[in-house]
2 protein chains.
Amino acid sequence: MRKGEETRQRIAAQAAAIFNVAGYGGASISDIMQATGLEKGGIYRHFDSKEQLALAAFDYAVSQVRRRFAEGLMGHTHAADVLIAFLAVFRSYAWQPPMVGGCPVLNTAVESDDTNPVLRDRVRAVVEEWRSMIRNTVHTGIDRGEIRPETDADQLALVMIATMEGAVMLAKLLGSAAPLEQAYQYLRTCIERDVRLA
Amino acid sequence: MRKGEETRQRIAAQAAAIFNVAGYGGASISDIMQATGLEKGGIYRHFDSKEQLALAAFDYAVSQVRRRFAEGLMGHTHAADVLIAFLAVFRSYAWQPPMVGGCPVLNTAVESDDTNPVLRDRVRAVVEEWRSMIRNTVHTGIDRGEIRPETDADQLALVMIATMEGAVMLAKLLGSAAPLEQAYQYLRTCIERDVRLA
């Protein structure tokens, strides 16, 4: 990586942590200057605007989230086990969030939905990735005889994502792992009982 | 109501809408000035600080949310029907959010969790109210023979709140009622099948 690209990546990573804690609206360029140890000019040498920095920071945050899911899903072959592993990644946010400030998908979704269509579209893309992954897992599992053929793949995908992201919100709000633990146990039981075939 | 108190309430209500769309960090006093048609001094005659205005605005937002739940739960006597009515209030956010910008409990929780302990504690209190309401409904239902005695009231409360708030997030993000509709149908089926006794 060229030196300039390395610095750009480092700024994006440090800004991602600031934005994930304080929000894109709540964090100022002075906060980013303090975190990076750079002057304003040093930051804007690499980014045209705060908006461009926000997008690069979100992309960095998503790379951290994707890594967690890739690690968590690795080694599972039965479709029902893949679905449960997906839940377990969110459950692990209780003791090891993908970055400081919690889930950047949740945080950025709630902040950007009314105010920042470019950022909102990037969050949508991550959620659509998760939906596709769950739907494909269900369909492959049905073909392989691992998942009950009557399973509503789209409903299951939306319910799994909604429940676990809602539990991330509650866990942070209440300062307790219980919401993530209970949401995981509840959906895991539902998958074992209603979705797993063999 | 005295004239001063009326003005204070009107400012809090108008600020609540601004904060619920743009966030407490994202909305400026100029935004509030524009919405209320008041000068800065006119606003600060009624509030000591932006923080105090944010708390009054959140209290107003919560009063709107409470009204929706009071209306939605009215007229249901069977404990299982009360639980389903609780889900239905969130489902109705798809076409009629409690205020512009969506659910103020979700929005304020995500924004305040790391940065504003006073506001965070007020959001916690609303979530604790919901948890108590659901737990009490389950316990009363068990006593009356309406709810299966093995029902885990605390798990059900956390899962219901997490799933529906997560679905509110997804519905706004994706611009679609499907997440709320699917979350409602899924949990309703679970309650009818696993929780309702008679």
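What are the residues in the range B:24-45 that are touching a Ser or Thr at 6+ places or on another chain (Cβ under 8 Å) and surrounded by 19 or more Cβ atoms within 10 Å (Cβ to Cβ), if any? Scanning the range B:24-45 gives B:Tyr24, B:Gly25, B:Gly26, B:Ile43.
Selection within the range A:153-162: residues that are over 14 Å from A:Phe86 (Cα atoms) and at the interface with chain B (Cβ under 9 Å from one of its Cβ atoms). The member of this set that is surrounded by the most Cβ atoms within 10 Å (Cβ to Cβ) is A:Gln155.
Number of residues in the range A:123-137 that are away from every other protein chain (no Cβ under 11 Å) and surrounded by fewer than 24 Cβ atoms within 10 Å (Cβ to Cβ) equals 6. Of the residues making up the range B:1-15, just one is among the hydrophobic types (A, V, I, L, M, F, W, C) and either within 14 Å of another protein chain (Cβ to nearest Cβ) or without any contact (Cβ under 8 Å) to a residue 24 or more places away in the chain (or both), namely B:Met1.
Would you be able to say whether some residue in the range A:100-111 is in a helix (DSSP H, G or I) and surrounded by fewer than 20 Cβ atoms within 10 Å (Cβ to Cβ)? Checked the range A:100-111: no residue is in a helix (DSSP H, G or I) and surrounded by fewer than 20 Cβ atoms within 10 Å (Cβ to Cβ). Provide a single number: the residues in the range B:28-65 that are within 20 Å of the chain's Cα centre (by Cα) and either among the hydrophobic types (A, V, I, L, M, F, W, C) or within 20 Å of B:Lys172 (Cα to Cα) (or both). Count: 10.
Residues of the range A:54-76 that are hydrophobic (A, V, I, L, M, F, W, C) and farther than 17 Å from A:Asp121 by Cβ: A:Phe69, A:Ala70, A:Leu73, A:Met74. Close contacts from the range A:22-34, counting a first residue that is at the interface with another protein chain (Cβ under 7 Å from one of its Cβ atoms) and a second that is assigned to a helix (DSSP H, G or I) and surrounded by 15 or more Cβ atoms within 10 Å (Cβ to Cβ), with Cβ to Cβ under 7 Å and a gap of 6+ residues or different chains, come to A:Ala22/A:Asp31; A:Gly23/A:Glu111; A:Gly23/B:Glu111; A:Gly25/A:Glu111; A:Gly25/B:Ala22. Restricting the range A:138-152 to residues that are assigned to a helix (DSSP H, G or I) and surrounded by fewer than 17 Cβ atoms within 10 Å (Cβ to Cβ), the residue that is farthest from the chain's Cα centre (by Cα) is A:Asp143. The set of residues from the range B:163-182 being outside any helix (DSSP H, G or I) and either touching a Pro at 6+ places or on another chain (Cβ under 8 Å) or facing chain A (nearest Cβ under 9 Å) (or both) comprises just one member, B:Gly175.
Bear in mind these aren't lab numbers, they're just calculated from the coordinates by the rules spelled out. Everything quoted here is computed from the prediction, not taken from an experiment. Don't worry about glycine lacking a Cβ; one is built from the backbone with ideal geometry, like all the others, and counts go over all protein chains shown.
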